[in-house]
Amino acid sequence: MTKFSDLALSPKVLKAVEAAGYETPTPIQEGAIPAALLGRDVLGIAQTGTGKTASFTLPMIHMLARGRARARMPRSLVLCPTRELAAQVAENFDTYAQNVKLTKALLIGGVSFKEQDLLIDRGVDVLIATPGRLLDHFERGKLLLTGIEIMVVDEADRMLDMGFIPDIERIFSLTPFTRQTLFFSATMAPEIERITNTFLSNPERIEVARQATASETITQEVVMIKPSRRDRAAKEKRDVLRAIIEREAEGCTNAIVFCNRKSDVDIVSKSLKKHGLDAAPIHGDLEQSQRTKTLDAFRDGSLRFLVASDVAARGLDVPAVSHVFNYDVPTHSEDYVHRIGRTGRAGREGKAIMISAPADGKNLDAIERLIAKEIPRTENPVQSTSVDAPSSAETTETPKPRRSRSRKPKPDAPKAEIEATNTETPVAEATPAPEQEPQQRNRGGRGRRDGGNKVVGMGDHMPSFIAKSFEERKAS
Ligand code: AMP
């Protein structure tokens, strides 16, 4: 078995690794660290939770320990898709570089330019940034990227989802051709493949198992619900969430509740609070200071429920999260894997419970295909909403090809704002408005709305609850 001491890292780095309590390198570390130390480009196909952050920070610290930064010319650059991830990478640098003198700056939106300018002016060894904010600094003439020796792109697939690829290409072109590139992505979409072919030079490719297969310690379940009436669906779903939390009782020490939409993050958080549960929201529209405060409270155990959107909570590393509740079925199956990976970390037990309505059948099916197993169905703990076993029509429907979630930033919007708006996905797919997806109406599980008094285009597959409310309306 490989030990850290076999990886040719400097004693100072090894000491920090030991202090962090790591005994053996993870597969991505075992593959990436020696190659990076040899100065090679690395293409790591790995998700969060695999130890990939240390797989690039450790060799970087080793290599940057010699040499000095010049004013406004950082020596290395780590690009992250979100502020939270960038902040987390910065924390990792602090941990692993404790015995080495390195300067770093974190360039993320929501923080004043002035402070960041000051740091850059003094010269930094490591610059950790989100793409939008980095380019803002560059365009203001405050930053030169011609001194970059090592460039890391973390979570490239999420950058793609968020429409950051043109920014990444531009940043690549602003750095020297001779730089070393360490590039990480959970998946290799064609667009990502293209970028790596263009900007990486004969990389060492390391692919590690998907987290879905690694997280054996997570118990998964899905609670099937069927709203009694469309106009009650949201309230009933919140009731179900609370009932599940009650059912889990003390076993649920802390949890992340994932919603697909920012508006629901706020609503669910408020609702939990109203019912006496200790909850706070986190999503891209909130002030950075508030996001940081909420995360800190969740990390130190003083906040029990973190209600989150995918992006805000992505890659979050809170070691002991007992539960993940998927209030919504994620529309992209990989998000399910990311979400549930927030629990069951470092060999701990974890529980991932998802609420699914008939309209979510297609997405649930895609998730089960991705993780290659059926998630056990459990009973809806609330009586008022009926327990619904999925019909075969709902679960065997073939999902639409994945739609790119890239959104073009408005050209006149400031970059920081673009970053904030880009950090969230407006997910209309799980609960489509009728005018948005007319082509879906013939599909029983999805087309759920009527056009005034008339249910249009449902064919033989009209869900029974629609018929009921329609008749009720007719009678009245
Ligand atoms: P990451 O994939 O970088 O988000 O890392 C996931 C978690 O694994 C973090 O909590 C790290 O502190 C932890 N970790 C990283 N490398 C190791 C290792 N070699 N042994 C044990 N834990 C590790």
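The values are calculated or read from the model by the stated rules, or taken from the named source; none is laboratory data. Please read all numbers here as calculations on a predicted model, not as lab measurements. For neighbour counting, all protein chains shown are included, and Cβ atoms are generated from backbone atoms with ideal geometry for every residue, glycine included. Accessible surface is based on the protein model in full, side chains and every heavy atom, while ligands, DNA and RNA are left aside. Shrake-Rupley method; radii C 1.70, N 1.55, O 1.52, S 1.80 Å.
With respect to (1) away from the ligand (no atom under 13 Å from the Cβ); (2) without any contact (Cβ under 8 Å) to a residue 12 or more places away in the chain, the lone exception for LEU14 is condition (1).
Applying the condition of being part of a helix (DSSP H, G or I) and of a type in the set (A, V, I, L, M, F, W, C) to segment 1-23 and asking which residue is most open to solvent (accessible area, probe 1.4 Å) yields ALA19. Here the helices (runs of 4 or more DSSP H) wholly within segment 186-273 that include at least 3 residues being touching a Pro at 6+ places or on another chain (Cβ under 9 Å) are 233-248. Is it the case that some residue within segment 122-132 is free of Cβ contacts under 8 Å to residues at least 24 places away in the same chain and surrounded by fewer than 18 Cβ atoms within 10 Å (Cβ to Cβ)? No: segment 122-132 contains no residue that is free of Cβ contacts under 8 Å to residues at least 24 places away in the same chain and surrounded by fewer than 18 Cβ atoms within 10 Å (Cβ to Cβ).
Counting only residues that are part of a helix (DSSP H, G or I) and touching a Ser or Thr at 6+ places or on another chain (Cβ under 9 Å), which one in segment 24-51 is modelled with the lowest pLDDT? Of everything passing the filter in segment 24-51, PRO27 is modelled with the lowest pLDDT.
Of the conditions (1) open to solvent by less than 40 Å² (accessible area, probe 1.4 Å); (2) modelled with pLDDT under 95, ILE150 satisfies every one except a single condition; which number is it? Exception for ILE150: condition (2). Residues that are open to solvent by 10 Å² or more (accessible area, probe 1.4 Å) and within 13 Å of the ligand (Cβ to nearest atom) within segment 30-44 comprise GLU30, GLY31, listed in sequence order.
Among the conditions (1) touching a helix residue (DSSP H, G or I) at 6+ places or on another chain (Cβ under 8 Å); (2) within 12 Å of the ligand (Cβ to nearest atom); (3) small (Gly, Ala, Ser); (4) at pLDDT below 95, the only one that GLY21 does not satisfy is (1). Kindly indicate the residue of segment 315-359 that is open to solvent by 10 Å² or more (accessible area, probe 1.4 Å) and of a type in the set (D, E, K, R) and also nearest to the ligand (Cβ to nearest atom) among those meeting that condition. Among those that are open to solvent by 10 Å² or more (accessible area, probe 1.4 Å) and of a type in the set (D, E, K, R), it is ASP317.
You will find that of PHE184, PHE199, the residue that is under 25 Å from GLY347 (Cα atoms) and not assigned by TED's automatic domain parsing to the domain that holds ASP300 is PHE184 and no other.
Take LEU85 and decide whether it is within 25 Å of the chain's Cα centre (by Cα), within 27 Å of GLY21 (Cα to Cα), within 16 Å of the ligand (Cβ to nearest atom) and surrounded by 20 or more Cβ atoms within 10 Å (Cβ to Cβ).
yes
Once segment 153-191 is narrowed to residues that are within 16 Å of the chain's Cα centre (by Cα) and among the polar types (S, T, N, Q), the residue that is modelled with the highest pLDDT is SER185. With respect to the stated conditions, LEU102 is more than 15 Å from the ligand (Cβ to nearest atom), buried (at least 18 other Cβ atoms within 10 Å of the Cβ), assigned to a loop (DSSP other than H, G, I, E, B) and not hydroxyl-bearing (Ser, Thr, Tyr). Check segment 48-58 and report whether any residue there is assigned by TED's automatic domain parsing to the domain that holds PHE172, within 9 Å of the ligand (Cβ to nearest atom), more than 20 Å from GLN180 (Cα to Cα) and not small (Gly, Ala, Ser). Looking for residues that are assigned by TED's automatic domain parsing to the domain that holds PHE172, within 9 Å of the ligand (Cβ to nearest atom), more than 20 Å from GLN180 (Cα to Cα) and not small (Gly, Ala, Ser), one finds at least one in segment 48-58, hence yes.
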